[in-house]
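The values are calculated or read from the model by the stated rules, or taken from the named source; none is laboratory data. Model, not experiment: these values are computed from the prediction. Counting neighbours? That spans all protein chains shown, and the Cβs are built from the backbone with ideal geometry, glycine included. SASA here: full protein model, heavy atoms, side chains in, ligands and nucleic acids out. Shrake-Rupley method; radii C 1.70, N 1.55, O 1.52, S 1.80 Å.
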Amino acid sequence: MSMDWNLTQTFESGHGQIAYDVHGSGLPLLMIHGTPFSSFVWRAFVPHFADDFTVFVYDLVGYGQSEMRDGQDVSLGTQSKALAALLDHWQIEAPTIIAHDFGGATTLRTHILEKRHFERMILIDPVAIAPWGSPFVQHVRQHTAAFEDMPDYIHDGILNAYLQDAAHNSLSDEAREGYKAPWTGPTGQAAFYRQIAQMDQKYTDEIEPHYGDIQVPVHILWGRDDRWIPVERGRKLHAMIPGSTFYEIPQAGHLVQEDQPDRLLERLKAALSGA
């Protein structure tokens with residue numbers, strides 16, 4: 001699974017059409033990506049779990065192969081509602097969740113606000129604790145229209161730099177082009193800056209006080225060299241969630257899936273076994 005990564009099914013969520021796919025058989029396992037990524041981030045991991053689980057992957061509203069349109073609400077407030085709708089559509093209860101970045105925030109909001117139960121949550125460098133939002137994010141939020149209309153070659157340069165900054169090691173051409181693909185062309189470029197413009201810390205502020213009430217098993221994995229969300233934020237989240245486990249992955253940035261795929265896979269398997 002690489003650049004030909006393609007989601008074959010769709011769901012009308014009420015917030016936009018969501019592209020998804022289902023692999024394997026067994027207990028339900030849902031893998032959720034973050035920003036500015038897509039389900040492409042799980043391309044090398046799905047085959048390792050499909051023998052033991054029914055693996056659900058999807059692209060967040062306004063991301064990847066899901067619908068992108070002008071005026072679309074792609075905020076974290078919408079993502080948790082869309083996930084709840086997807087769970088109903090799939091008719092699954094209490095799946096195990098593996099979630100990265102914004103996927104982590106979406107998972108936590110769905111559990112806390114939408115009252116959906118999960119067998120366990122495995123959170124990889126999640127957006128969960130204030131403050132978050134880089135200077136670049138704040139600048140885009142103030143000047144969104146200017147970014148949406150900039151020349152293609154400048155947008156391409158921004159994408160390259162932004163994606164590389166998420167990783168500790170150099171991204172492969174395959175990874176970089178796979179992550180860039182949804183954000184190119186007029187529709188994709190506008191969607192890229194739209195999702196940044198709608199990043200708002202209020203969506204984690206409203207759930208942060210409830211982390212101490214979480215009673216399901218939570219495993220937190222963190223790239224030790226994450227420049228986007230420092231590992232200290234992960235340690236703080238671990239302290240806030242009773243009974244959670246915390247593991248640092250060395251020589252990995254925010255995009256652990258690319259920096260240390262083998263170590264991440266090892267830790268995911270350990271977490272799925274309850275270790």
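Once segment 56-80 is narrowed to residues that are among the hydrophobic types (A, V, I, L, M, F, W, C) and in a loop (DSSP other than H, G, I, E, B), the residue that is farthest from T96 (Cα to Cα) is M68.
Quick test for you: out of Q195, Q189, pick the one residue that is open to solvent by less than 40 Å² (accessible area, probe 1.4 Å), touching a residue at least 40 places away in the same chain (Cβ under 8 Å) and more than 24 Å from I112 (Cβ to Cβ). Let's see the steps before the verdict.
Values: Q195 fails: more than 24 Å from I112 (Cβ to Cβ).
Of the residues listed, the single one that is open to solvent by less than 40 Å² (accessible area, probe 1.4 Å), touching a residue at least 40 places away in the same chain (Cβ under 8 Å) and more than 24 Å from I112 (Cβ to Cβ) is Q189.
In segment 226-247, which residue that is hydrophobic (A, V, I, L, M, F, W, C) and not in a loop (DSSP other than H, G, I, E, B) is surrounded by the fewest Cβ atoms within 10 Å (Cβ to Cβ)? The extreme case among them is A239. The residues of segment 70-105 that are under 16 Å from I207 (Cα atoms) and touching a strand residue (DSSP E or B) at 6+ places or on another chain (Cβ under 6 Å), listed by number, are G103, G104.
Scan (1) assigned to a helix (DSSP H, G or I); (2) touching a helix residue (DSSP H, G or I) at 6+ places or on another chain (Cβ under 9 Å) for the single condition L221 breaks and write down its number. If we test L221 against (1) assigned to a helix (DSSP H, G or I); (2) touching a helix residue (DSSP H, G or I) at 6+ places or on another chain (Cβ under 9 Å), just (1) comes out false.
Is segment 56-77 home to any residue that is over 30 Å from I158 (Cβ atoms) and open to solvent by 10 Å² or more (accessible area, probe 1.4 Å)? Break it down stepwise before answering.
Within segment 56-77, the first condition is being over 30 Å from I158 (Cβ atoms), and the residues that meet it are 56.
Then drop every residue that is not open to solvent by 10 Å² or more (accessible area, probe 1.4 Å), which leaves 56.
For segment 56-77, residues over 30 Å from I158 (Cβ atoms) and open to solvent by 10 Å² or more (accessible area, probe 1.4 Å): present.
When segment 25-55 is filtered for residues that are buried (at least 17 other Cβ atoms within 10 Å of the Cβ) and either more than 16 Å from the chain's Cα centre (by Cα) or part of a strand (DSSP E or B) (or both), the ones remaining, listed by number, are P28, L29, L30, M31, I32, F49, F53, T54, V55. Applying a threshold of 6 Å to beta carbon distances and a minimum spacing of six or more residues, or different chains, the list of pairs starting in segment 141-170 at a residue that is farther than 16 Å from G185 by Cβ and ending at one that is of a type in the set (A, V, I, L, M, F, W, C) and part of a helix (DSSP H, G or I) reads R141/A197; T144/A197.
Select from segment 90-126 the residues that are in contact with a Phe, Trp or Tyr (Cβ under 8 Å, 6 or more places away or on another chain) and closer than 30 Å to P186 by Cβ and write down the one among them that is surrounded by the most Cβ atoms within 10 Å (Cβ to Cβ). The selected residue is H100. Per the listing A190, A181, the residue uniquely in a helix (DSSP H, G or I), farther than 17 Å from D101 by Cα and modelled with pLDDT under 95 is A190.
Restricting L123, L108 to those that are part of a helix (DSSP H, G or I), of a type in the set (A, V, I, L, M, F, W, C) and either in contact (Cβ under 8 Å) with a residue 40 or more places away in the chain or more than 19 Å from P36 (Cα to Cα) (or both) reduces the list to L108. Residues of segment 203-214 include none that is over 30 Å from K269 (Cα atoms), out of contact with any Leu (no Cβ under 7 Å at 6 or more places or on another chain) and either β-branched (V, I, T) or buried (at least 21 other Cβ atoms within 10 Å of the Cβ) (or both). What number of residues in segment 186-206 are more than 22 Å from H111 (Cβ to Cβ) and of a type in the set (K, R)? Going through segment 186-206 one residue at a time, the tally reaches 1. Residues in segment 128-142 include at least one that is in contact with a helix residue (DSSP H, G or I) (Cβ under 9 Å, 6 or more places away or on another chain), buried (at least 24 other Cβ atoms within 10 Å of the Cβ) and not aromatic (F, W, Y). What residue, among those in segment 3-24 that are open to solvent by 70 Å² or more (accessible area, probe 1.4 Å), more than 23 Å from D73 (Cβ to Cβ) and not hydrophobic (A, V, I, L, M, F, W, C), is modelled with the lowest pLDDT? By that ranking, first place goes to D4.
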